[in-house]
Ligand SMILES: Nc1ncnc2c1ncn2[C@@H]1O[C@H](COP(=O)(O)OP(=O)(O)O)[C@@H](O)[C@H]1O
Ligand SMILES: [Mg+2]
């Protein structure tokens with residue numbers, strides 16, 4: 001049997017003496033989308049960081065396509081096709097919009113994606129607002145525009161595994177819908193998704209599987225269509 005693309009196996013993790021995750025286990029099969037849901041402070045971002053190699057587990061294992069990658073650095077996992085769009089804005093503040101995109105797309109072109117010009121055109125197609133601000137220094141964009149810029153980087157040249165953390169945060173509802181439509185197309189083209197969201201409706205619209213996290217521990221782990229009433233899980 002093919003191993004899952006991503007597997008967390010009895011993972012504990014934290015920050016210094018603080019433990020944020022307790023015995024977290026779940027896996028995502030290649031080509032599927034998993035929604036990681038939970039309230040503020042539940043540990044969702046920490047799971048995303050463990051999956052992308054930014055936080056090393058203190059116990060347990062992380063596997064990528066069956067290989068043990070526990071403790072492997074984020075830049076090495078990135079080379080193996082893992083991309084992480086972190087919470088908030090991750091842009092080079094002193095570079096222009098277009099310079100930010102060109103930097104990201106040049107890297108992707110090495111991995112067999114179409115050229116920089118085609119990727120720029122797709123980015124401006126997806127976020128027309130970025131096209132009108134292509135010469136503007138990224139640090140002076142609004143919060144929502146910076147979010148679009150950091151998402152364009154990963155949505156236009158999809159990786160093998162895409163981890164998106166609170167992608168709806170700071171975006172207007174109509175743009176959130178467009179971004180989720182794009183995620184749907186990326187998934188249809190074969191990218192595996194780990195979607196972290198506090199707002200569940202969009203995430204559940206695309207997810208095959210769901211993991212519920214409460215205070216660093218997993219509750220429900222299973223198919224999205226067997227989840228039932230979400231409130232019952234959180235209130236129960
Ligand atoms: N860099 C950090 N240093 C110390 N504690 C952190 C750090 N990041 C998160 N935490 C703590 O870890 C716990 C889980 O946080 P997080 O994974 O960000 O949750 P979520 O994304 O579900 O809101 C929280 O108690 C938070 O305060
Ligand atoms: Mg978070």
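The values are calculated or read from the model by the stated rules, or taken from the named source; none is laboratory data. The structure presented is a predicted model; accordingly, all values stated were derived computationally and were not measured. Don't worry about glycine lacking a Cβ; one is built from the backbone with ideal geometry, like all the others, and counts go over all protein chains shown.
Details
- Reported count of residues in the stretch 58-100, each being assigned to a loop (DSSP other than H, G, I, E, B) and touching a residue at least 24 places away in the same chain (Cβ under 8 Å), is 15.
Per-residue answers, yes or no, for (1) in contact with a helix residue (DSSP H, G or I) (Cβ under 9 Å, 6 or more places away or on another chain); (2) modelled with pLDDT of 95 or more; (3) away from ligand 1 (no atom under 16 Å from the Cβ):
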{"site": "20", "(1), (2), (3)": "yes, yes, no"}
{"site": "38", "(1), (2), (3)": "yes, no, no"}
{"site": "76", "(1), (2), (3)": "no, no, yes"}
{"site": "88", "(1), (2), (3)": "yes, no, no"}
{"site": "91", "(1), (2), (3)": "yes, no, yes"}
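- Where a residue in the stretch 37-52 is within 16 Å of residue 161 (Cα to Cα) and in contact (Cβ under 8 Å) with a residue 60 or more places away in the chain and its partner, wherever it lies, is assigned to a helix (DSSP H, G or I) and more than 6 Å from ligand 1 (Cβ to nearest atom), with Cβ under 8 Å and at least six apart: 52/74; 52/77; 52/78
- The stretch 167-195, residues that are closer than 21 Å to residue 77 by Cβ, at pLDDT 90 or above and either in a helix (DSSP H, G or I) or within 16 Å of ligand 2 (Cβ to nearest atom) (or both): 183, 186, 187, 194, 195
- Search result, residues across the stretch 35-56 that are more than 16 Å from ligand 2 (Cβ to nearest atom) and buried (at least 21 other Cβ atoms within 10 Å of the Cβ): 53
- Residue in the stretch 152-185 that is farthest from residue 81 (Cα to Cα), counting only those that are more than 16 Å from ligand 1 (Cβ to nearest atom) and touching a strand residue (DSSP E or B) at 6+ places or on another chain (Cβ under 7 Å): 183
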